[in-house]
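To start, the structure itself, in structure tokens.
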């Protein structure tokens, strides 16, 4: 979550209220967070010097957060680094959302990293499907197995679609037609 907040703060300085509204308005498409979890992430970012805060002016005097040089460096390293975590989609979509914040030459390698991660995860699922072919399932577990296999099939289909979609985007980016 910290990197998503850093990405949002790259756009403009924001209060906690603004950040919550921005999560609701767009980020929630790929990442959900409560105001309490956003506040805890802000506190952690403040502690390590990735952001700074100023008391705002006006009757509500909301604290306004902005990215520091440390935060810009952390965000850049995260955007251009390997995709971590067990879920490729959860790792890829925040980077896709903020890809326009990177310099043009850095975007292709990020897309290539996303493609490599999706391809590796698809290979893992495909291998699993191959391993369970012809497994002798006891009659009392056959119904359970059918739906577990359907879940695996869904995952494979989803990863194939993601791979195709990201390949198309990477190609459009390489051709210069990804920009609107």
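The values are calculated or read from the model by the stated rules, or taken from the named source; none is laboratory data. The structure displayed is predicted, hence computed values, not measured ones. Note that each Cβ is placed from the backbone with ideal geometry, even for glycine, and that neighbours are counted across all protein chains shown.
What residue, among those in the stretch 55-67 that are surrounded by 12 or more Cβ atoms within 10 Å (Cβ to Cβ) and within 16 Å of residue 17 (Cα to Cα), is modelled with the lowest pLDDT?
In this case the residue turns out to be 56.
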task: Would you check if there is a residue in the stretch 68-85 being free of Cβ contacts under 8 Å to residues at least 60 places away in the same chain, over 28 Å from residue 116 (Cα atoms), surrounded by 12 or more Cβ atoms within 10 Å (Cβ to Cβ) and in contact with a helix residue (DSSP H, G or I) (Cβ under 7 Å, 6 or more places away or on another chain)?
output: no
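Answer with yes or no whether residue 124 is more than 18 Å from the chain's Cα centre (by Cα), free of Cβ contacts under 8 Å to residues at least 60 places away in the same chain and under 15 Å from residue 89 (Cβ atoms). I'd like the intermediate steps shown before the answer.
Values: more than 18 Å from the chain's Cα centre (by Cα): yes; free of Cβ contacts under 8 Å to residues at least 60 places away in the same chain: yes; under 15 Å from residue 89 (Cβ atoms): yes.
The answer is yes for residue 124.
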query: Can you pull out the residues in the stretch 89-99 that are in contact (Cβ under 8 Å) with a residue 40 or more places away in the chain and either more than 8 Å from the chain's Cα centre (by Cα) or outside any helix (DSSP H, G or I) (or both)?
result: 98
field: Criterion (outside the structural domain of residue 102 (by TED's automatic domain parsing), under 19 Å from residue 93 (Cα atoms), at pLDDT 90 or above and surrounded by fewer than 17 Cβ atoms within 10 Å (Cβ to Cβ)) met by exactly one of 29, 19, 11
entry: 11
